[in-house]
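Worksheet for the structure shown next.
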Amino acid sequence: MQRRLFFTSPVDDRSLGSWNGLARSLKAAVAACCERDVTIEVGPRPVFGYGTDVDETRAELEELRLGPREVRVDLWCSVVHYGAICVALGPGIRRPERRALTRRLRKQELARQVLLREHEGPYDFDRGGNVFGYSISPADDRGRSTLSFLLSPFDGPVYLGEHWLLQGKDERVDELAFEAASRPSPSLALFLVNDPEAEERVWEAAASGQGLVAFYPDDPAEAALVRGFADFRDLPIFVTEAPSAGMRVTIGRGRPEDSLVVVYGPPGAPEIDEPPIFMI
């Protein structure tokens, strides 16, 4: 059966020039771990990146069928902070080859990266992943409405963000609007929002800083997320640490100009009108 291995990537849109060298190393690793009859293809451009035609890409992926002894290596996503690599294995790649390749990638070529998941079978956009990125601006009515819908399952999420987001012009926290749960570090705050207007202001302001993360109060990944917040480690933390803990949403955790909102949840895209710009 066809299988895909998804890893985090050291390459994103800020360092695309280094993809060619890494791709050559990955191709050599495949050749070293598989029998000589294997065919290796390397994608020439990111599958999902800035300017990608997502509908066209989706159709190409769903129609793609690898040959029995074919392996394909792709820079799956190049969106900043969400770089991912996919190694797709045809159905004829034997288990010892797959194990040898996975072990080598994790110890050598991608030693500092995280194996996010393995996916079996043909690519299915509606069931093939549970991380979806969107360009949603909290600065306009449409964006705020979409965010309200995405966050409604939480019935009041816990937010993790920079502490200055809670401060007014006098640098004091509005204690009526915000309920500060804790200060895990001098610069960060875990908090609830009691005022819808204050919540919208925080969404918009967060995009100019390090962004926001929304999750349930009992999310077991909270401590890891706090530790990795400044390094933008949301993707490996949420995908690999308690992935079934429920929905998570990040706001403004990309470049400021991206208006990036990322939804983590069960397989399948959320039911919103916005087209995704990437999925993993």
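The values are calculated or read from the model by the stated rules, or taken from the named source; none is laboratory data. Treat the numbers as computed from the prediction; the structure is a model and nothing was measured. Neighbour counts run over all protein chains shown; Cβ positions are idealised from the backbone, glycine included.
Residues of the stretch 115-162 that are farther than 27 Å from Leu61 by Cα, aromatic (Phe, Trp, Tyr) and either surrounded by fewer than 19 Cβ atoms within 10 Å (Cβ to Cβ) or not assigned by TED's automatic domain parsing to the domain that holds Val193 (or both): Phe149, Phe154. Give the residues of the stretch 214-236 that are over 16 Å from Phe154 (Cβ atoms) and surrounded by 22 or more Cβ atoms within 10 Å (Cβ to Cβ), sorted by residue number. Across the stretch 214-236, the qualifying residues are Phe229, Asp234, Leu235.
For Thr250, state whether it is crowded, with 16+ Cβ neighbours inside 10 Å and either among the polar types (S, T, N, Q) or not assigned by TED's automatic domain parsing to the domain that holds Ser152 (or both).
Values: crowded, with 16+ Cβ neighbours inside 10 Å: yes; either among the polar types (S, T, N, Q) or not assigned by TED's automatic domain parsing to the domain that holds Ser152 (or both): yes.
When the stated conditions are applied, Thr250 passes them.
Out of contact with any Leu (no Cβ under 9 Å at 6 or more places or on another chain), under 26 Å from Ser135 (Cβ atoms) and in the same structural domain as Val249 (by TED's automatic domain parsing): does that describe Tyr216? It would help to see each step written out before you state the result.
Details: out of contact with any Leu (no Cβ under 9 Å at 6 or more places or on another chain): yes; under 26 Å from Ser135 (Cβ atoms): yes; in the same structural domain as Val249 (by TED's automatic domain parsing): yes.
Here the answer is yes, as Tyr216 does meet what is asked.
Within the stretch 1-16, the set of residues being over 16 Å from Arg106 (Cβ atoms) and within 21 Å of the chain's Cα centre (by Cα) comprises Val11, Asp12, Asp13, Arg14, Ser15, Leu16.
Residues checked against (1) under 23 Å from Leu110 (Cβ atoms); (2) in a helix (DSSP H, G or I):
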{"residue": "Asp37", "(1), (2)": "no, no"}
{"residue": "Ile40", "(1), (2)": "yes, no"}
{"residue": "Arg45", "(1), (2)": "yes, no"}
{"residue": "Gly51", "(1), (2)": "no, no"}
{"residue": "Glu56", "(1), (2)": "no, yes"}
{"residue": "Glu60", "(1), (2)": "no, yes"}
{"residue": "Pro68", "(1), (2)": "no, no"}
{"residue": "Val73", "(1), (2)": "yes, no"}
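Picking from residues in the stretch 163-173 that are modelled with pLDDT under 90 and surrounded by 14 or more Cβ atoms within 10 Å (Cβ to Cβ), the one that is farthest from the chain's Cα centre (by Cα) is Val173.
Within the bounds of the stretch 113-127, is there any residue that is assigned to a strand (DSSP E or B) and among the polar types (S, T, N, Q)? Give the steps one after another, and end with the answer.
From the stretch 113-127, those assigned to a strand (DSSP E or B) are 115-120; that's our starting set.
Then drop every residue that is not among the polar types (S, T, N, Q), which leaves none.
Checking the stretch 113-127: not a single residue is assigned to a strand (DSSP E or B) and among the polar types (S, T, N, Q).
If the condition is being at pLDDT below 95 and surrounded by fewer than 18 Cβ atoms within 10 Å (Cβ to Cβ), then the stretch 1-12 contributes Met1, Arg3. Could we say that Thr102 is of a type in the set (Ser, Thr, Tyr), touching a Leu at 6+ places or on another chain (Cβ under 8 Å) and not assigned by TED's automatic domain parsing to the domain that holds Glu241 here? Yes. Of all the numbered requirements in (1) acidic (Asp, Glu); (2) assigned to a helix (DSSP H, G or I); (3) surrounded by fewer than 18 Cβ atoms within 10 Å (Cβ to Cβ), Glu97 misses one, and that requirement is (3).
So for the stretch 157-174 (the condition being assigned to a loop (DSSP other than H, G, I, E, B) and within 26 Å of Ile272 (Cβ to Cβ)), does at least one residue qualify? Talk me through it step by step, then tell me what you get.
So the first thing to find is which residues in the stretch 157-174 are assigned to a loop (DSSP other than H, G, I, E, B), and the list is 157, 168-172, 174.
Cutting the leftovers down to within 26 Å of Ile272 (Cβ to Cβ) gives us 157.
Checked against the condition, which is being assigned to a loop (DSSP other than H, G, I, E, B) and within 26 Å of Ile272 (Cβ to Cβ), the stretch 157-174 yields at least one hit.
Sort through Ala29, Ala23 and tell me the only one that's farther than 22 Å from Leu260 by Cα, out of contact with any helix residue (DSSP H, G or I) (no Cβ under 9 Å at 6 or more places or on another chain) and touching a residue at least 40 places away in the same chain (Cβ under 8 Å).
Values: Ala29 fails: out of contact with any helix residue (DSSP H, G or I) (no Cβ under 9 Å at 6 or more places or on another chain).
That would be Ala23, the only listed residue that is farther than 22 Å from Leu260 by Cα, out of contact with any helix residue (DSSP H, G or I) (no Cβ under 9 Å at 6 or more places or on another chain) and touching a residue at least 40 places away in the same chain (Cβ under 8 Å).
Give the residue that is farthest from the chain's Cα centre (by Cα), with candidates limited to residues of the stretch 75-90 that are outside any strand (DSSP E or B) and not aromatic (Phe, Trp, Tyr).
Kept after step one, since they are outside any strand (DSSP E or B), are these residues of the stretch 75-90: 78-83, 90.
Narrowing the set further to residues that are not aromatic (Phe, Trp, Tyr) leaves 78-81, 83, 90.
Working: Ser78: 11, Val79: 9, Val80: 10, His81: 8, Gly83: 8, Gly90: 25 Å.
Only one residue tops the list, namely Gly90.
The strands (runs of 3 or more DSSP E) found entirely in the stretch 188-280 that carry 1 or more residues being at pLDDT 90 or above and closer than 24 Å to Cys86 by Cα are 248-251, 260-264.
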